[in-house]
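Read through the structure below, which is laid out as structure tokens, and then see the notes.
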Amino acid sequence: MLDKLVHNRWPRVGAALFGSLLLALAINLFIVPQHLYTSGLLGLCQVIRTLLDTKLGIRFSNFDLAGTLYLLANLPLLLLAYKTMGRTFVVKLALCTVSNSLFLSIIPIPAEPIIPDMLTSCLVGGILAGFSNGLVLTCGASCGGLDILGLYLSKKGRGFTVGKFSLLFNAALYTLCLILFSAPTAIYSAIYTVFNALFVDRVHQQNITTQVLIVTKLRDLEPFWELGRKMDRGITYWTGHGAYTGDEVQILCICLSKYEIETLQQEVQKIDSHAFFMMQEGVHTRGNFKRHLNP
């Protein structure tokens, strides 16, 4: 169902917005009531919100200031993304970032934790947040934050990756939580982040590389080369023979992301309705393999 969803424009936008809402629910219902902090830019905004509340007495009833701070912090990053990542992606990025910030601000935070046990709250909140983030990313969008800055810096510096940047930032953030608050706050916040990250990768189909073998009896392979150019994917082929019939067949090999599979199947069926598919998920690639952003 998710594979079909991400190939339809408006349902994809709707699913991304639903992911933004679910992410805010996971944070405000399970993480914030435990006085824990998420990772990345939002986590920093939550720390600032707490300091404004405890040190300066700046607070709003039924309104979480962290959501507004997060939106303000994302404005320069959205401008940076517009200049470096293209208009289509930035429109969805801005839509999800604004909606997520709004949801974070207006969703009521329970006075007492829904789940009293802190570790269980981290587990439930992390799974829900990871699913939400993965859904948003699979739909070709993002809720903003460090991913934008990390992608930009990775292009500027050799050997610099988004993962390294996020790791360094979160290490500094939770060290700050340790100094300002307490060891349990820092430790359980980090545990939530681990659960979140693990579940994002389970849902985010862009990270799942799939190898597809297509067996066809067509002699003219030009339509397949045109399909490869259209999908911006390379195709390797060789000639084989059916062991039972002895017929000559052409075997085409292509590696792509999981969310591109349905598009490939639909297009190949138009070229050869009798083509035979073999797919293997989770293959490891090195070198010049493109990871496409879902358009």
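The values are calculated or read from the model by the stated rules, or taken from the named source; none is laboratory data. Please read these numbers as outputs of a predicted model, since none were measured by experiment. When we count neighbours, we look across all protein chains shown, and the Cβ atoms used for this are built from the backbone with ideal geometry, even at glycine. Each accessible area value is taken on the protein alone, full model and side chains, heavy atoms only, with ligands, DNA and RNA left out. Shrake-Rupley method; radii C 1.70, N 1.55, O 1.52, S 1.80 Å.
Brief remarks follow.
- Taking all protein chains together and rolling a 1.4 Å probe, Ile58 ends up with roughly 70 Å² accessible.
- Entries of Lys55/Lys83; Lys92/Lys230; Lys83/Lys230 with Cα pairs more than 28 Å apart: Lys55/Lys83
- Computed with every protein chain present, the accessible area of Glu112 is close to 140 Å² [probe 1.4 Å].
- P(r), alpha carbons of segment 33-146 - 10 Å bins starting at zero, rounded %: 13, 41, 34, 11, 1
- Those aspartates and glutamates that a straight Cα-Cα span of less than 15 Å connects to Lys217, excepting residues fewer than 8 apart in one chain: Asp247, Glu248, Asp272
- The 1.4 Å probe gives accessible areas that order Leu79, Leu173, Leu52, largest first, as Leu79, Leu52, Leu173.
- Net +/- balance of residues flanking Asp64 in space, Cβ distance below 11 Å, scoring K and R +1, D and E -1: +1
- Debye equation applied to the C-alpha atoms of segment 54-121, log10 I(q)/I(0) at 0.16, 0.21 Å⁻¹: -0.71, -0.91
- Ordering Trp238, Trp10 by accessible surface, largest first, gives Trp10, Trp238; the 1.4 Å probe counts only protein heavy atoms, with every chain in place.
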